[in-house]
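These notes concern the structure reproduced below.
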Amino acid sequence: MTLQLHDTLTGRKRPFTPIDPNRVTIYVCGPTVYNRIHIGNGRAAVVFDLLYRVLRHRYPSVVYARNFTDIDDKIMVAAAKEGVSIEELTHRYADAYDEDVATLGTLDPDLKPRATGHLPEMIAMIDALVASGHAYEAEGHVLFAVESDPAYGRLSKRSIEDMIAGARVEVAPYKRHPADFVLWKPSTPEQPGWDSPWGRGRPGWHIECSAMIDKHLGRVIDIHGGGRDLTFPHHENELAQSSCAHGTPELARFWLHNGMLTMAGEKMSKSLGNIVTVQALAERYDGEVLRFALLAAHYRSPLVWSEDLLEQSRKGLLRFYQTLADAGDPPADGTPVPADLAAALDDDLNTPEAFAVLHRLADEVRQADGKAAREAARALRAGASLLGLLERPAAAFLEADAARRAAGATLDEAAIETLVAERQAARQARDFGRADAIRDELLAAGVEIKDSADGPSWSYR
Ligand SMILES: [Zn+2]
């Protein structure tokens, strides 16, 4: 079966054939490094790690690049607030990012370019855009002229009028057209900056990725990935810059976008105050449990993140590892990936179907004895490893999980519900001493109760 991937630009699932099967190229937009990432950022890292594993399973050489955006106004603000240099801040959070995505079981990309290491390439690309009439200088800024690109809007399927009406563009007096976007902007003496033909300044966000893709992977790459929220303006602008600078009709042959992660029906965002960092989750759950939960839904679907999903994922993994342990925990030892599991992932990374195959394989292990059970267990391990799961000795997972339970890192939900109900009964009986004692007991286990007119609700802290 051929690998089928859904491409945002054409809006459909198509067979994937690389430009050069001996060098498959994939670029994914990485983090702007100024804080710890949330689990929604973790979803993108895990989804494209899965794609990387599937590509490596098929092709002899895959080059996967994921950048660090280490120059940005948000970084400048964060560094000033923390009283450290930009360099110190960005190195700290790039290391933290690597640590967080390693917790989620991702392989290290082949290339991790940093924006600040690519200023000459960005300046050269902007220069070429100005020379060809696709960009212009105005008051120390260089702007991309969207009207110079008749195809602008094709990735996000928006007309320029829609963009203006939706107020997704920043209006500025020096722009020829409200939708024109910044390639270069001036820096004050206190701000970080680099010398350029347009004065001392710094690059816009979008040009960073275009320049790094060109330098490391080529003018047209096989796959460009990122979260769906990057489609516009970031990816639309990357596509416009690269295709206009190089005179190529495309930047990537496939554009892949993962769906958003929501908390209790809302998109996670700082303003809503419902951000959950990977670091905080990893204090309560094994990184493999988080990975399992992130892969539970198809990557293009929204994923509703909840304590229930986490607990189900933990129990699911526990059962898989227990099944392996009961069969003597044999290593995969070169056992091929079962064909139905590979086929599920070849169908646009259909992880729900792949998980169904894992459950069938686990049932086979449980129903067999002796040598047959060990063979089935090898197949289960081989299949799961393509998903980056079940890669540890079973005893290691089972012991770590037992240790977390014993340490009371989490009460199970039934126990929490019972305590919450007892506290409510105590309150109604005006036994406030008892109610407070239960509240303190829950707090010690990392569970917080909130009282409202609708009654109490609880959440992990
Ligand atoms: Zn990018």
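The values are calculated or read from the model by the stated rules, or taken from the named source; none is laboratory data. A quick note: this is a predicted structure, and the numbers were derived from the prediction, not measured. Backbone-built Cβ (ideal geometry, glycine too); neighbour counts: all protein chains shown. Please note that ligands, DNA and RNA were not included when accessible areas were found on the heavy atoms of the full protein model with its side chains. Shrake-Rupley method; radii C 1.70, N 1.55, O 1.52, S 1.80 Å.
Here is how the numbers come out for the structure above:
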item: Any pair with Cβ under 7 angstrom, 6 or more apart, that starts in the stretch 189-211 at a residue that is assigned by TED's automatic domain parsing to the domain that holds Gly226 and ends at one that is open to solvent by 50 Å² or more (accessible area, probe 1.4 Å) and within 16 Å of the ligand (Cβ to nearest atom); result: Ala211/Glu121
item: Considering residues of the stretch 226-244 that are aliphatic (A, V, I, L, M) and either assigned by TED's automatic domain parsing to the domain that holds Pro302 or crowded, with 24+ Cβ neighbours inside 10 Å (or both) only, the residue nearest to the ligand (Cβ to nearest atom); result: Leu239
item: Selection count where residues are more than 12 Å from Arg381 (Cα to Cα), open to solvent by 10 Å² or more (accessible area, probe 1.4 Å) and without any contact (Cβ under 8 Å) to a residue 24 or more places away in the chain, scope the stretch 283-342; result: 5
item: Residue satisfying all of: in the stretch 20-66; of a type in the set (Lys, Arg) and farther than 17 Å from Gly105 by Cβ; farthest from the ligand (Cβ to nearest atom) among these; result: Arg58
item: Strands (runs of 3 or more DSSP E) fully within the stretch 216-268 counting 2 or more residues that are at positive phi; result: none
item: Residues of the stretch 78-90 satisfying the condition of being open to solvent by 40 Å² or more (accessible area, probe 1.4 Å) and without any contact (Cβ under 8 Å) to a residue 24 or more places away in the chain; result: Ala80, Lys81, Glu82, Gly83, Ser85, Glu87, Glu88
item: Residue, farthest from the ligand (Cβ to nearest atom), within the stretch 188-204, restricted to residues that are polar (S, T, N, Q) and surrounded by fewer than 18 Cβ atoms within 10 Å (Cβ to Cβ); result: Thr188
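A quick yes/no check of all residues on (1) modelled with pLDDT of 95 or more; (2) surrounded by fewer than 18 Cβ atoms within 10 Å (Cβ to Cβ); (3) away from the ligand (no atom under 16 Å from the Cβ):
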{"residue": "Arg154", "(1), (2), (3)": "yes, yes, yes"}
{"residue": "Gly166", "(1), (2), (3)": "no, yes, yes"}
{"residue": "Ala179", "(1), (2), (3)": "no, no, yes"}
{"residue": "Lys185", "(1), (2), (3)": "yes, no, yes"}
{"residue": "His206", "(1), (2), (3)": "yes, no, no"}
{"residue": "Ser210", "(1), (2), (3)": "yes, no, no"}
{"residue": "His216", "(1), (2), (3)": "yes, no, no"}
